[in-house]
Amino acid sequence: MTDRGVTGDERDDAGGVTLRIPALARYCAARVGSSIVELFVLSLIVFLAIRLIPGDPAAGFFSANQSPTAEQIAQIHAKLGLDKPWYVQYWVWLAGVLHGDFGESITTPFPVGAQIAQRFPYSLELALMATLFALIIGIPFGLISGAKKGRVADVIIRGLSFVLISLPPFLVAIALLLWNSRTAKYRLIGVISFAENPLGNLQLMALPALILGLGFGAYVSRYTRSSLVDDLERPYVRTLRAIGTSDRQIAVISMRNALIPVTTVVAVELASLIGGTVIIEQVFSIPGMGSFLIESIKRSDYPSVQGAIFVIGAVYVVLNLLVDLLYPLIDPRVKVVNA
Amino acid sequence: MSVASEDFILDTIPQRIEPSSKRGTRRMNVSLIAGFAIIGLLLVAGIVAGFHPPYDPYATGDDPFAAPSAAHWLGTDNLGRDFASRLILSLRTDVLLSLSTCLLAALFGAVIGLTAGYFGGIWDAVSMRVVDGVLAIPGILIALLIRVILGAGSWQLVLAMAVIYTPMMARVMRAPALQLRTREYVAAARIAGIPSWRTVSTHILFNSLSPMLVQAASIASNAVAMEAALSYLGQGIQPPQPSAGRMVFEYQMYMQTDPLLVIAPTVLIVLLSFGWNLIADGFQTYFSLSESDRL
C-alpha cells in the first residue's frame, strides 16, 4: 500500500508534464508484473497454511473404531494425491485454480468453484455499492469541511467523521436491525436475486452497503478535507486571491485538484472494506464470499477455506492494481518513479 | 480501519531537538483528556472489578432473563448468569487483549522499523518487503488463516492481531529512524564509540516516541474492533469466556425480548474503540507543532 510507485510530488523543473507514453507503458507493465507476483505469493501462503493444520485428511475416510492398515492409508493418500511432494501438490492445485477448478468441498456435495461463482457476485455488489455510497457521502462533506476550515460546519463534520470511524460497522448494523424490529419491521435480511427482481435486490442491498459506506465515507471526507486545505495553501491560490477572484470561484477551481488524491484513500481503504463485507454479510445473512469463508471454517472444510481466502485476496490485489493503473489517467501531472 | 498515514507521522517528528522551542505548544487537549478518562476508567473497572465480580460470571441460575434489580444490576442472561459480572469480565478480556496486542505490535514494530531505518541495506529491503506483503493482505484474512491453523482462543487471537498490526508500527517507526540517523548527535555517538544498539535503543527510540504513541493508540482501537468482529463471527474468544463481541453474537437471538443483553456489550465496544481513538487523536494534536491536517 505504500510505495505506490507513482507520486504527485515529483515534478520536473517546469512543473509540467513528465509522463511520456513509454514510461507509462513501463509503469503499467511493472504494476501488472508485481500484482502477478503478489497473487503467486498469496496462493503459496494459502496453500502452505492449510497444510500446517495438524491431522491427516485420510482420517475422514474411516470411522472412529476402525484401525486402518498402513496400506489402506497409503491407498487413500495416493487417491488424494498426498503421496506426492508438496510442490507437486501445489502445482496441481494452482493449475486447477487457474482453470477455475478449486477442488471438491469435503462437507457439501458441490465443488468449491461452483459455490464461489454463486456467492461472489453478492460480495462484489456489496463492496461496489459501499464504495459508491462512501464517495457520494464523503466527497461533498469533505469539500464543505475543507472550504470552511475552522468554522462550525467543519467542526461538526470532523466530529461526525471521527465518531463514524470509531464505530464498528457490524454494531451499527445490529443496532439498526434492533430498532427496525421494534418500529418499522421492514425486511432487511437476506438477498433477492438480481436476475429475478433487480429493484428488490438493490433495495435490500442498500442498507448493508450504506452501513459499510458510512465508515469508509468518513475516511474519504477526512482525506478530501485535508487535500483541499493543502491545495488552498498553494501559491496559485494566493495569485487568484490577489487578482480579486472570489472565494467561491477559488473553491471551485481548487476542488478539482483536491479530488485527485482521493483515489489513494479508496485504494488504502480497500482492505478494511473487504474485511467489513465479511462481517456485514454475516449480520445481514447475505450468502456472499465472507459468509462462505466463515461457514467453511466452522465446518473445517479446508478446500473451501483455501478457495475462499485465495479469491478474496485475489480480488483485493486486482482492485488495487486497477486503482494504480487509473492513477496516471486521473492525474496526468504525476511522474512515474521506480518504473 | 486504517491507520494514520506515514506522511502525517513525519510531521509529528520534532524537526529540531532543542526542547525549549516546542514545550510551550504542547498542551493537554480535550481529546487526550477525554480519551485517557474513558480508557483509564474502563481499565480500572475491568482490572479491579474483573478479578472480584459481584457474582461468579460462569454460575448459571434458575432465573433467566431477569430484569435489572438491586441484586442483579443488569439482570441475568439466557442461562440465568449475572449479566453485570459477565460484562465486567468481558471488559477485562477486551482491555487486556487490546493492551497486549498494542504492546506486542509496538515492541516488534519498533525493533523492526527502527533497525530497518537505522541500518538500511539488505535488512531494510527485506524487512520492508515482508512488511508490505503483510500489509497487502486484508487483516481479517490473516486473522482467520491463523485461527484455522492454530485454533481459536485468546493467545491465538493476540498472536494473530500482533501479526496484523506489527507491520503498521514498523512502517511508522522506520521513517523517523531514517531521518534521525543523519543527525550530528548520532554521528557524535558513533565517534564516541557507543555501540549502535545503544544508539538505536536510546537516542533514536526516544526521539521517535511521538509517532509511536499515536500509532500504538490507533492500533489498540483497531484491535478492539478486530477482536469484537472476530468474536462476533465466532472465531475469536471461545465460550464460556465472555468477550463483548462474543456476547453480541450469543445474545443477538434474544435481542427482541431482552435488548439490554446486546446493547450493553455494544456500548462497551464503542466506548473502548472511541476512547483509544481519542487518545490517538489527542497525542497527534499534542505532538504536532502546528495544527496539521491529517487523515
> Taking segment A:172-188 only, how many residues are under 14 Å from residue A:210 (Cα atoms) and either touching a Pro at 6+ places or on another chain (Cβ under 9 Å) or in a loop (DSSP other than H, G, I, E, B) (or both)?
Replying inline: 2
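Assess whether residue B:237 counts as being modelled with pLDDT of 80 or more, within 30 Å of residue A:300 (Cβ to Cβ) and not in a helix (DSSP H, G or I).
Details: modelled with pLDDT of 80 or more: yes; within 30 Å of residue A:300 (Cβ to Cβ): yes; not in a helix (DSSP H, G or I): yes.
Considered against the rule, which asks whether it is modelled with pLDDT of 80 or more, within 30 Å of residue A:300 (Cβ to Cβ) and not in a helix (DSSP H, G or I), residue B:237 comes out as yes.
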> Taking only pairs six or more apart or across chains, which ones have beta-carbon atoms under 6 Å, a first residue in segment A:165-184 that is within 9 Å of chain B (Cβ to nearest Cβ) and crowded, with 22+ Cβ neighbours inside 10 Å, and a second residue that is in a helix (DSSP H, G or I) and polar (S, T, N, Q)?
Replying inline: A:166/B:273; A:166/B:277; A:171/B:266
>> Quick test of your reading of the structure: residue B:88 fulfils all but one of (1) under 29 Å from residue B:280 (Cα atoms); (2) surrounded by fewer than 20 Cβ atoms within 10 Å (Cβ to Cβ). Name the failing condition by number.
In response: (2)
> Out of (1) assigned to a loop (DSSP other than H, G, I, E, B); (2) without any contact (Cβ under 8 Å) to a residue 40 or more places away in the chain; (3) within 30 Å of the chain's Cα centre (by Cα), the odd one out for residue B:79 is which?
Replying inline: (3)
> Would you say residue A:126 is over 28 Å from residue B:253 (Cβ atoms), touching a helix residue (DSSP H, G or I) at 6+ places or on another chain (Cβ under 9 Å), modelled with pLDDT of 85 or more and not assigned by TED's automatic domain parsing to the domain that holds residue A:310?
Replying inline: no
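Taking residue A:314, is it assigned to a helix (DSSP H, G or I), in the same structural domain as residue A:89 (by TED's automatic domain parsing), surrounded by fewer than 22 Cβ atoms within 10 Å (Cβ to Cβ) and touching a residue at least 60 places away in the same chain (Cβ under 8 Å)? First the steps, then the outcome.
Values: assigned to a helix (DSSP H, G or I): yes; in the same structural domain as residue A:89 (by TED's automatic domain parsing): yes; surrounded by fewer than 22 Cβ atoms within 10 Å (Cβ to Cβ): yes; touching a residue at least 60 places away in the same chain (Cβ under 8 Å): yes.
The answer is yes for residue A:314.
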> Quick one: which of A:136, A:116 is of a type in the set (Val, Ile, Thr) and over 25 Å from residue A:301 (Cα atoms)?
Replying inline: A:136
>> Condition first: touching a residue at least 40 places away in the same chain (Cβ under 8 Å) and exposed (fewer than 14 other Cβ atoms within 10 Å of the Cβ). Can you find one or more residues in segment A:200-208 that meet it?
In response: no
> Among the residues of segment A:31-48, which ones are small (Gly, Ala, Ser) and either touching a helix residue (DSSP H, G or I) at 6+ places or on another chain (Cβ under 8 Å) or within 11 Å of another protein chain (Cβ to nearest Cβ) (or both)?
Replying inline: A:34, A:35, A:43
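Taking residue B:97, is it within 30 Å of residue A:295 (Cα to Cα) and touching a Pro at 6+ places or on another chain (Cβ under 7 Å)?
No, not satisfied.
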>> Out of everything in segment A:284-311 that is of a type in the set (Val, Ile, Thr) and crowded, with 24+ Cβ neighbours inside 10 Å, what residue ends up being nearest to the chain's Cα centre (by Cα)?
In response: A:309
>> Every residue in segment B:251-291 that is of a type in the set (Phe, Trp, Tyr) and more than 17 Å from residue B:228 (Cα to Cα), please.
In response: B:254, B:283, B:286, B:287
> Which members of segment B:187-207 meet the condition of being crowded, with 18+ Cβ neighbours inside 10 Å and modelled with pLDDT under 85?
Replying inline: B:203, B:207
> If you check B:90, B:69, B:85, which single one turns out to be of a type outside the set (Asp, Glu), part of a loop (DSSP other than H, G, I, E, B) and over 20 Å from residue B:171 (Cα atoms)?
Replying inline: B:69
> Among A:193, A:221, A:254, A:226, which is in a loop (DSSP other than H, G, I, E, B) and of a type in the set (Ser, Thr, Tyr)?
Replying inline: A:193
>> Given the criteria more than 18 Å from residue A:202 (Cα to Cα), surrounded by fewer than 19 Cβ atoms within 10 Å (Cβ to Cβ) and without any contact (Cβ under 8 Å) to a residue 60 or more places away in the chain, does residue A:144 qualify?
In response: no
> Can you find even one residue in segment B:95-112 that is in a helix (DSSP H, G or I) and within 12 Å of chain A (Cβ to nearest Cβ)?
Replying inline: no
>> Of everything in segment A:262-295, what is farther than 21 Å from residue A:168 by Cβ, touching a residue at least 24 places away in the same chain (Cβ under 8 Å) and more than 10 Å from every other protein chain (Cβ to nearest Cβ)? Give them in sequence order.
In response: A:262, A:263, A:267, A:287, A:292
>> Looking only at segment B:245-291, count every residue that is surrounded by fewer than 20 Cβ atoms within 10 Å (Cβ to Cβ), at the interface with chain A (Cβ under 10 Å from one of its Cβ atoms) and among the acidic types (Asp, Glu) and tell me the total.
In response: 1
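The values are calculated or read from the model by the stated rules, or taken from the named source; none is laboratory data. Predicted model, so just to flag it, every value in this text is computed and none were measured. As a convention, Cβ positions derive from the backbone with ideal geometry for all residues, glycine included, and neighbour counts pool all protein chains shown.
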